[in-house]
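Asker: Sharing a structure below in structure tokens format, with a few things to ask.
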């Protein structure tokens, strides 16, 4: 078993996935490293990869012409970066900038998508996991929107 | 458990020793007794009724160190008439104090356990005394974790102290903010996102939560997902407390009076009411 395969197997995102599926995903995965303040991807670019962060922190940003880059979320070790590879039009909607030196497993989403078209069980499993990440992020974003710590929402 | 109050409806005059600005709208009041007693025992999590003469009286949690009785410390936000007037007080001004009132964080019952403190916004003030106690008796506890969520980096309460705690080798401190611009290099996101990775053993953990009710609700859910049982989860409630001794009923919450039976409740016993939106 390769090191990447073993990292994938231990990651919650791929928990309980079949051995063969993990092996296949590992074939489309590479170990990557980014210096601090590096853009991993930018809004509008094709979303053909996603990342399992193994070390460091990445800021998901939206750029405002008036206020500059605004961080809406940080993604850190053990978390998944990017879901736009799963959904059309496969374009990144935000920028991803490393806050610290960051290491990750980059997974080729384009190739995985093609595999999923042929293997619907794998497609279902990946979609299920992807939607779970989206659900968690959406829930967190909704709480953020409530602005609970403002004067109106003050304790 | 409550600390005895001699005449609970009678304010004692204290003198403002210091007012420290914490953030743009929060401040800390340090009060000294005017009768020279300088002894005000309280338990972590309790509150006082502070009376700004001629303006009004409001409940404010004690945010100081329970092992130091010489001065009374309260931290609050200037949002209304009374807290607005309170912020204008100067050193040497008088203020009325009744208390301490209410239940407290069960720091004694948490000995031997990992302790997770989850605070949001101004909610860090009422749990700070519990953290002081735990740090004074650090050897009695397992892992100690503070998860703190703030609105922006500029709204982080007790920032210097949080940084000091973070520098210690025996406490895990994680701070997140809801929104940020450069040069913030910390976490951005809601405080509940830090729970899945926080270093504690769910089967041997006691959790103290203080913050807006929605934040506490989601925090409880995340702690339960990790396996922390409801009888080990404690929350601090806030209601419109007036008399502070359970006479007036302003703060009635189901069968409880938040002033007398709370503000600290074990989640298992109030779960039913916590989930009811009419109460």
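The values are calculated or read from the model by the stated rules, or taken from the named source; none is laboratory data. Since we're looking at a predicted model, the values are computed, not measured. FYI the Cβ positions are ideal-geometry reconstructions off the backbone, even for glycines, and counts take in every protein chain you see.
Asker: I need the full set of residues from region B:225-244 which are closer than 30 Å to residue B:7 by Cβ and over 19 Å from the mean Cα position of the chain (by Cα), in order please.
Answerer: Once the filter is applied, which keeps residues that are closer than 30 Å to residue B:7 by Cβ and over 19 Å from the mean Cα position of the chain (by Cα), region B:225-244 yields only B:243.
Asker: Turning to a different aspect of this structure: Looking at A:97, A:137, which is the one that is buried (at least 16 other Cβ atoms within 10 Å of the Cβ), closer than 21 Å to residue A:48 by Cβ, at pLDDT below 95 and out of contact with any helix residue (DSSP H, G or I) (no Cβ under 7 Å at 6 or more places or on another chain)?
Answerer: Result: A:137 is the single residue among A:97, A:137 that is buried (at least 16 other Cβ atoms within 10 Å of the Cβ), closer than 21 Å to residue A:48 by Cβ, at pLDDT below 95 and out of contact with any helix residue (DSSP H, G or I) (no Cβ under 7 Å at 6 or more places or on another chain).
Asker: Does region A:110-117 include one or more residues that are in contact with a helix residue (DSSP H, G or I) (Cβ under 9 Å, 6 or more places away or on another chain), within 11 Å of another protein chain (Cβ to nearest Cβ) and surrounded by fewer than 21 Cβ atoms within 10 Å (Cβ to Cβ)?
Answerer: no
Asker: Looking only at region B:74-95, which residues are in a strand (DSSP E or B) and closer than 24 Å to residue B:257 by Cα?
Answerer: Matches in region B:74-95: B:74, B:75, B:76, B:77.
Asker: Can we say residue A:71 is buried (at least 17 other Cβ atoms within 10 Å of the Cβ) and without any contact (Cβ under 8 Å) to a residue 24 or more places away in the chain?
Answerer: So residue A:71 fits the description; yes.
Asker: If I filter region A:60-67 for residues that are at the interface with chain B (Cβ under 10 Å from one of its Cβ atoms), within 16 Å of the chain's Cα centre (by Cα), over 12 Å from residue A:101 (Cα atoms) and in contact (Cβ under 8 Å) with a residue 40 or more places away in the chain, do I get at least one hit?
Answerer: No, there is no match, as no residue in region A:60-67 is at the interface with chain B (Cβ under 10 Å from one of its Cβ atoms), within 16 Å of the chain's Cα centre (by Cα), over 12 Å from residue A:101 (Cα atoms) and in contact (Cβ under 8 Å) with a residue 40 or more places away in the chain.
Asker: Tell me the residue from B:258, B:220 that is more than 10 Å from chain A (Cβ to nearest Cβ) and closer than 26 Å to residue B:138 by Cα, please.
Answerer: Sole residue among the options that is more than 10 Å from chain A (Cβ to nearest Cβ) and closer than 26 Å to residue B:138 by Cα: B:220.
Asker: Can we say residue B:217 is out of contact with any strand residue (DSSP E or B) (no Cβ under 7 Å at 6 or more places or on another chain), assigned by TED's automatic domain parsing to the domain that holds residue B:162, in a loop (DSSP other than H, G, I, E, B) and surrounded by fewer than 24 Cβ atoms within 10 Å (Cβ to Cβ)?
Answerer: No, not satisfied.
Asker: Out of the residues in region B:142-196 meeting the condition of being in a loop (DSSP other than H, G, I, E, B) and more than 22 Å from the chain's Cα centre (by Cα), tell me which one is farthest from the other protein chains (Cβ to nearest Cβ).
Answerer: Only one residue fits best here, namely B:169.
Asker: Related question: Collect the residues in region B:224-269 that are in a strand (DSSP E or B) and surrounded by fewer than 22 Cβ atoms within 10 Å (Cβ to Cβ), keeping them in residue-number order.
Answerer: Residues satisfying the conditions are B:252, B:253, B:256, B:265, B:266.
Asker: Can you go through B:99, B:80, B:92 and tell me which one is within 24 Å of residue B:236 (Cα to Cα) and more than 14 Å from chain A (Cβ to nearest Cβ)?
Answerer: Of the residues listed, the single one that is within 24 Å of residue B:236 (Cα to Cα) and more than 14 Å from chain A (Cβ to nearest Cβ) is B:99.
Asker: Exactly one condition in (1) surrounded by 15 or more Cβ atoms within 10 Å (Cβ to Cβ); (2) more than 22 Å from residue B:176 (Cβ to Cβ) is false for residue A:33; which is it?
Answerer: Exception for residue A:33: condition (1).
Asker: Quick one: which residue in B:92, B:56, B:121, B:36 is on the phi > 0 side of the Ramachandran plot and either crowded, with 24+ Cβ neighbours inside 10 Å or in the same structural domain as residue B:208 (by TED's automatic domain parsing) (or both)?
Answerer: B:121
Asker: Regarding residue B:127, is this residue away from chain A (no Cβ under 14 Å), under 28 Å from residue B:274 (Cβ atoms) and either touching a strand residue (DSSP E or B) at 6+ places or on another chain (Cβ under 6 Å) or part of a loop (DSSP other than H, G, I, E, B) (or both)?
Answerer: No; evaluated as a whole, the condition is false for this residue.
Asker: Any chance you could count how many residues in region A:127-143 are touching a residue at least 12 places away in the same chain (Cβ under 8 Å) and either within 24 Å of residue A:74 (Cβ to Cβ) or within 14 Å of chain B (Cβ to nearest Cβ) (or both)?
Answerer: Count: 7.
Asker: Just a yes or no: is a residue in region A:88-96 within 14 Å of another protein chain (Cβ to nearest Cβ), under 16 Å from the mean Cα position of the chain (by Cα) and at positive phi?
Answerer: Within region A:88-96, not a single residue is within 14 Å of another protein chain (Cβ to nearest Cβ), under 16 Å from the mean Cα position of the chain (by Cα) and at positive phi.
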